[in-house]
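Take a look at the structure set out below.
The values are calculated or read from the model by the stated rules, or taken from the named source; none is laboratory data. If you're wondering where the values come from, they're calculated on a predicted model, not measured in any experiment. Neighbour counts run over all protein chains shown; Cβ positions are idealised from the backbone, glycine included.
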Amino acid sequence: TCTSTKTTSRKPRLLVSRLYQPSNLRDVGQDSRLSGEMTCKSQRLMHQAGLIHPFSPGCYVYLPATVRSMEKLVRVIDQEMQGIGGQKLDMPSLCSADLWRTSERWDLMGKELFRLKDRHGADYCLGPTHEEAVTTLVAHQATLSYRQLPLLLYQITRKFRDEPKPKFGLLRGREFYMKDMYSFDVQADTGNIGGTLSHEFQLPTDVGEDRLLLCGNCSFSANVETLSSGTTHCPQCKTGALVESKGIEVGHTFYLGKKYSSIFKATFSNPQNKPSVTEMGCYGLGVSRILAAAIEVLSTDEGIRWPGLIAPYQICVLPPKKGSKIEGAAVLAEELVDSLGEDFPHLRGEIVLDDRTQMTIGKRLKDASILGYPYVIVVGEAALQNPPTFEVICQQTAETLFLSKDGLLDLL
Ligand code: ATP
Ligand code: MG
Ligand code: MG
Ligand code: MG
């Protein structure tokens, strides 16, 4: 029953009017659940831009644009982990208390552990981390040989922690994504984690909740928590003065030694064919925290600026306002979206057309600035010239360029 004479073999275009992105672009602060709590830039911008929706304290709906961004981030992490020999698995979040009692962490974790009972009255917790689970898993394999080591197992799953003060949106949730890798080794080499038992990865920024001391003279840095208080001079070079700054803890690696492997009897057969307890390490990355931290550090007060690799969409094309004297350029905008997708396979599914043409270009530009597409292409008056010229706003560098189609292809 298609009445069109044109064959339309094209893929459907991504239209802004159809994206489920319940933005709160103008009414931020009027939401009673949020006004007192809206405390940092990434949280405010992610709420404004329709990236997250607050559900209960420390729990958020990840709206579709955030899921796109998370999937890109997960892809990068998978590549890196698998590049060093990591194998991905997925362990249950619902963890039996028995394991946690065996490691004595059932009591040690205190109120941070989310606890629940099943219908038979057995105790469970929602996993805040998985040392117990992964160690008991590896212990089940009676035939693990030294030839199979190091064994690197990792997962990217939701973790649950009853944080005393969930705040700053995805930066400190009660339910969040973590990449946790666990290594099982023959011998421990603490050299690559600085020769210490644990190593934190901190992103310096003022909203960070961790206080760091950095040496003005050498490369030494430490979390205040790990130094005896009152330390004013660098314990490494002995001369530099320590300067305080703040950071967001985005990753944390630990040398676990035989702490868990001896309790759960995770052994391997050594070259003499005798059972030997494995050495362990764990390597945690706060995946959802990294996403929010990137926004926190890179964005302006007015709009999100993404690391290009994890921007939900790469390009937004703006056709002219309906009824304006250059309305005819609208078709050029559609053609541009289609041809960019054809020329650049990696951009397919990455280009949105802001078809809300009842709105002025200016209003749509403002929204695009909040959402932070790396490239915004305005198809306006200059597009009707010969040859057509497009206004390209590179949001990461705050540059505006006027480019021909070829110039645009070169840029992209
Ligand atoms: P914090 O000091 O911020 O409470 P932590 O030291 O308790 O973090 P780890 O047990 O080291 O956290 O977990 C590994 C990583 O998981 C952290 O480096 C961080 O990036 C992330 N993470 C921890 N707690 C949260 C949380 N509540 N929300 C989001 N990410 C978190
Ligand atoms: Mg903590
Ligand atoms: Mg910490
Ligand atoms: Mg930590």
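Conditions (1) within 12 Å of ligand 1 (Cβ to nearest atom); (2) assigned to a loop (DSSP other than H, G, I, E, B); (3) at pLDDT 95 or above, marked per residue:
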position: R158; (1), (2), (3): yes, no, yes
position: M178; (1), (2), (3): yes, no, yes
position: F184; (1), (2), (3): no, no, yes
position: N192; (1), (2), (3): no, no, no
position: T196; (1), (2), (3): no, yes, no
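Here the range 198-212 is the region considered, the condition is being in a loop (DSSP other than H, G, I, E, B) and not hydrophobic (A, V, I, L, M, F, W, C), and the residue that is farthest from ligand 3 (Cβ to nearest atom) is D206. Selection of the range 232-246 for residues being in a strand (DSSP E or B) and either touching a Cys at 6+ places or on another chain (Cβ under 9 Å) or within 12 Å of ligand 4 (Cβ to nearest atom) (or both) yields H233, A241, L242, V243.
Screening the range 381-401 for residues that are part of a loop (DSSP other than H, G, I, E, B) and surrounded by fewer than 19 Cβ atoms within 10 Å (Cβ to Cβ) and picking the one that is nearest to the chain's Cα centre (by Cα) gives Q396. Give the range 213-245 a look and list any residue that's more than 16 Å from ligand 2 (Cβ to nearest atom) and within 25 Å of the chain's Cα centre (by Cα), or say none. If the condition is that a residue be more than 16 Å from ligand 2 (Cβ to nearest atom) and within 25 Å of the chain's Cα centre (by Cα), then S221, A222, S245 are the ones that fit.
Selection within the range 353-380: residues that are assigned to a loop (DSSP other than H, G, I, E, B) and β-branched (V, I, T). The member of this set that is surrounded by the most Cβ atoms within 10 Å (Cβ to Cβ) is V379. Being within 16 Å of ligand 3 (Cβ to nearest atom) and in contact (Cβ under 8 Å) with a residue 40 or more places away in the chain is a description that applies to V250. Just checking, how many residues over the range 164-187 are surrounded by 17 or more Cβ atoms within 10 Å (Cβ to Cβ) and either more than 29 Å from D210 (Cα to Cα) or among the acidic types (D, E) (or both)? The number of residues fulfilling the criteria is 4.
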